[in-house]
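Asks: Structure below; questions to follow.
The values are calculated or read from the model by the stated rules, or taken from the named source; none is laboratory data. This one's a predicted model, so the numbers in the text were calculated from it and none came from an experiment. When we count neighbours, we look across all protein chains shown, and the Cβ atoms used for this are built from the backbone with ideal geometry, even at glycine. SASA here: full protein model, heavy atoms, side chains in, ligands and nucleic acids out. Shrake-Rupley method; radii C 1.70, N 1.55, O 1.52, S 1.80 Å.
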Amino acid sequence: MQKGEAFKIEVNELALEVTSHIVNSSEIFRIVFSDTRPPLVVIESLTNGRPFWTSVPQGRQKEAEFFGKLIEEKLKK
Amino acid sequence: MCYYNGQKVSKTEFLKLLQLEKALKDFDFLNKELSTGFDYSLNAVVRPKEGEIDFDIVQMEWGFVPAYIRNREQLGKMRLGYKDSAGKFHPPLTTLNSTAEEMLKPGKIYREAALKRRCLVLSSGFFEWRHVNPLSKKTGLPLKATINYPYHITIKEHEYFYMAGIWQPFIDTQTGETVDTFAIVTTKANPLMEQIHNSKKRMPTILPDELAYEWIFGELSEERIQQIGSYQYDYREMDACTISKEFRASLDPTAPFAYEDLPAFELSL
């Protein structure tokens with residue numbers, strides 16, 4: 001189930017189109033990139049009670065942390 | 001603690017992330033409201049990958065097929081009952097549920113699966129009938145006629161939850177068809193389910209995340225299998241709501257439906 005409108009984030013030369021969805025009671029963010037890389041799904045999860053961004057499925061942790069932070073900043077504004 | 005993407009996370013968080021992974025892949029397949037059991041339909045089941053702390057969400061047929069059944073013809077006879085050549089009727093054998101307290105006993109059809117093939121059945125809620133004998137207006141005593149009221153039972157603040165299951169592969173030796181089948185493990189009813197399923201006083205074994213993890217990934221002793229299989233979910237974490245008696249044919253089978261004549265639970269919940 002999509003939640004709200006899609007929003008855009010621009011960083012350097014890269015544009016991100018982000019949509020938020022509720023799946024299994026969890027909020028996930030799907031990012032579509034303006035370059036050739038495949039879309040990325042990220043979620044804010046917990047490690048030792050502290051939040052961190054991770055990719056679903058596993059395997060793109062660095063991107064998840066980087067783009068997750070950008071989403072977080074955008075949502076705070 | 002486990003690792004997801006190299007990050008240390010709790011077992012609960014790990015299961016949530018893995019389940020999310022599978023749901024994103026096959027979300028339509030999980031998005032199913034009603035399973036009645038007696039249509040022996042396919043259901044979403046979490047099955048561990050051999051030798052890994054990972055699982056697949058697969059479809060399995062609800063209705064455990066014992067190892068001695070060789071083909072669909074025999075299976076049909078088992079499920080529906082049949083008359084043998086001497087005219088003797090053999091009643092149906094229902095294998096939708098396996099009783100936690102019994103399943104490990106020697107010679108039981110579920111024993112091998114309980115020891116080696118445990119799984120989790122994903123559920124968003126389940127249905128059960130409450131049987132009520134109304135009181136006579138003349139005498140005030142319960143009448144013989146029973147009225148049945150269906151309930152939809154859910155877990156508070158859980159879109160999905162896990163029921164303990166055991167599974168068994170079935171190969172039809174005539175056609176070569178292969179299908180995995182499962183039974184839901186049941187336990188003694190908790191105080192809420194005693195009032196709803198008041199004929200048999202049983203309920204599915206619903207597992208919190210920590211026990212669900214142990215059920216599929218743990219190397220368990222027989223004693224521990226029985227302990228987890230008999231786990232009784234806290235009734236205070238459960239919700240039960242009456243639904244229409246025609247819920248099986250309804251587009252929204254879980255829609256609440258109030259019955260004016262339905263007595264309140266005899267509970268001090």
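Asks: Tell me which residues come under 5 Å, amide H to amide H, from B:VAL185 once H is placed; ignore anything under 5 positions away on its chain.
Replies: Here B:SER98, B:ALA164, B:GLY165, B:ILE166, B:THR205 satisfy the definition.
Asks: So, one more: Given B:ILE225, B:ALA164, B:ALA86, which one lies farthest toward the positive end of the charge dipole of chain B, if we put +1 on the Cβ of every Lys and Arg and -1 on the Cβ of every Asp and Glu?
Replies: The Cα lying farthest towards the positive end belongs to B:ALA86.
Asks: Calculate one ³J(HN,Hα) per residue across the range B:186-202 by plugging θ = phi - 60° into the Karplus curve 6.51 cos²θ - 1.76 cosθ + 1.60, and present them in order as whole Hz with x for glycine and proline.
Replies: Result, rounded to whole Hz: 10, 9, 5, 5, 7, x, 6, 5, 4, 7, 8, 8, 7, 8, 9, 6, 10.
Asks: GNM on chain B, C-alpha springs below 10 Å: top fluctuator among B:GLY81, B:GLY63, B:GLY218?
Replies: Highest fluctuation among the options: B:GLY81.
Asks: Given a 1.4 angstrom probe, I'd like the percentage of the accessible area of the protein assembly as shown that is carbon and sulfur, rounded to a whole number. Working shown, then result.
Replies: Values: 9630 of 18980 Å².
Answer for the protein assembly as shown is 51 percent, counting heavy atoms of protein chains only.
Asks: Quick one: Debye curve from the C-alpha atoms of chain A, no solvent, what's log10 I(q)/I(0) at q = 0.20, 0.27 Å⁻¹?
Replies: -0.88, -1.53
Asks: Classify the range B:76-149 as rounded, prolate or oblate from the Cα gyration tensor: take a ≥ b ≥ c as the square roots of its eigenvalues, call it rounded if a/c is under 1.5, otherwise prolate when a/b beats b/c and oblate if not.
Replies: On the way: a/c = 2.73, a/b = 1.49, b/c = 1.83.
The shape class here is oblate.
Asks: Once the other residues with Cβ under 15 Å from the Cβ of B:LYS105 are scored (Lys, Arg +1; Asp, Glu -1), what is the net sum? Please list the in-between numbers first.
Replies: Working: positive: B:LYS108, B:ARG111; negative: B:GLU101, B:GLU102, B:GLU112, B:GLU222, B:GLU223.
In short, -3.
Asks: Computed over the Cα atoms of the protein assembly as shown, what is the ratio Rg over Rh, Rh following Kirkwood?
Replies: 1.04
Asks: In addition: Send over a whole-number figure in Å² for the accessible area per residue of the protein assembly as shown, probe 1.4 Å.
Replies: Details: 18980 Å² over 346 residues.
Spelled out: the 1.4 Å probe surface of the protein assembly as shown, per residue, equals 55 Å².
Asks: What list of ³J(HN,Hα) couplings, whole Hz, do you get for the range B:114-128 from phi and the Karplus terms 6.51, -1.76, 1.60, once you set θ to phi - 60° and write x for glycine and proline?
Replies: 5, 6, 10, 9, 9, 8, 10, 9, 6, 9, 9, x, 9, 10, 8
Asks: Please list, ordered by chain and number, the residues whose modelled amide H lies under 5 Å from the amide H of B:ILE53; skip anything fewer than 5 residues away on the same chain.
Replies: none
Asks: Just need the relative contact order of chain B here, percent rounded to a whole number, with Cα pairs under 8 Å and 6+ apart.
Replies: Details: 479 pairs, mean separation 48.5, N = 269.
Taking the mean separation of contacting Cα pairs over the length of chain B, I get 18 percent.
Asks: Let me ask something else. Based on the mean of other Cβ atoms within 10 Å per residue, sort peptides B:131-137, B:182-188 so the most packed one is first.
Replies: Top to bottom by mean Cβ count within 10 Å: B:182-188, B:131-137.
Asks: Provide the descending list of Cα extents for chain B along its principal axes, expressed in whole angstroms.
Replies: The principal-axis extents, from largest down, are 69, 57, 39 Å.
Asks: Give the residue list of chymotrypsin sites (Phe, Trp or Tyr not before Pro) in the range B:42-121 that are DSSP loop and have at most 14 other beta-carbon atoms within 10 angstrom. Display every interim value, and only then the final one.
Replies: On the way: sites: B:PHE55, B:TRP62, B:PHE64, B:TYR68, B:TYR82, B:PHE89, B:TYR110; in loops: B:PHE64, B:TYR68, B:TYR110.
Sites meeting the loop and neighbour criteria: B:TYR68.
Asks: Right, another one. Return the calculated 222 nm mean residue ellipticity for chain B, to the nearest 500 deg cm²/dmol, obtained by summing -39500 (n - 2.57) across DSSP H runs with n ≥ 4 and dividing by the residue count. Mind showing how you got there, number by number?
Replies: Numbers: 7 runs with 57 residues, N = 269.
That calculation yields -5500 deg cm²/dmol at 222 nm.
Asks: Given the pairs A:LYS8/B:LYS16; A:LYS8/A:LYS74; B:LYS49/B:LYS116; A:LYS76/B:LYS8; B:LYS25/B:LYS49, which span a C-alpha to C-alpha distance of over 19 angstrom in this model?
Replies: A:LYS8/B:LYS16; A:LYS76/B:LYS8
Asks: Next up: Can you tell me the dipole magnitude for the range B:151-201 around its Cα centre, using point charges on the Cβ only (Lys, Arg +1; Asp, Glu -1), in Debye to the nearest 20?
Replies: The dipole magnitude comes to about 400 debye.
Asks: Turning to a different aspect of this structure: Could you tell me what percent of the DSSP beta bridges with both partners in the protein assembly as shown are antiparallel, to the nearest 5?
Replies: 95
Asks: Divide the volume of the convex hull of the Cα atoms of the range B:101-184 by its number of residues and quote the answer in cubic angstrom per residue.
Replies: Dividing the Cα hull volume of the range B:101-184 by its residue count gives 207 Å³.
Asks: Follow-up question, since we're still on this one. Enter the mean number of other protein chain beta carbons within 10 Å of the beta carbon of each residue in A:54-64, as an integer. List each step's numbers first, then the result.
Replies: Numbers: counts 7, 4, 10, 9, 9, 1, 1, 4, 1, 0, 2.
The per-residue average across the peptide is 4.
Asks: Under 1.5 on a/c is rounded, so check that first for the range B:161-269, then, if it is not, pick prolate when a/b is larger than b/c and oblate when it is not; a ≥ b ≥ c are the square roots of the alpha carbon gyration tensor eigenvalues.
Replies: oblate
Asks: Measuring from centroid to centroid over Cα atoms, what is the spacing of the range B:62-141 and the range B:179-217 in Å?
Replies: Here the two parts' Cα centres lie 14 Å apart.
Asks: Now a separate question. For the range A:2-76, give the magnitude of the charge dipole about the Cα centre (Cβ charges: +1 Lys/Arg, -1 Asp/Glu; no others), in debye to the nearest 20.
Replies: Values: 10 positive and 11 negative charges, 39 e Å.
Here the size comes out at about 180 debye.
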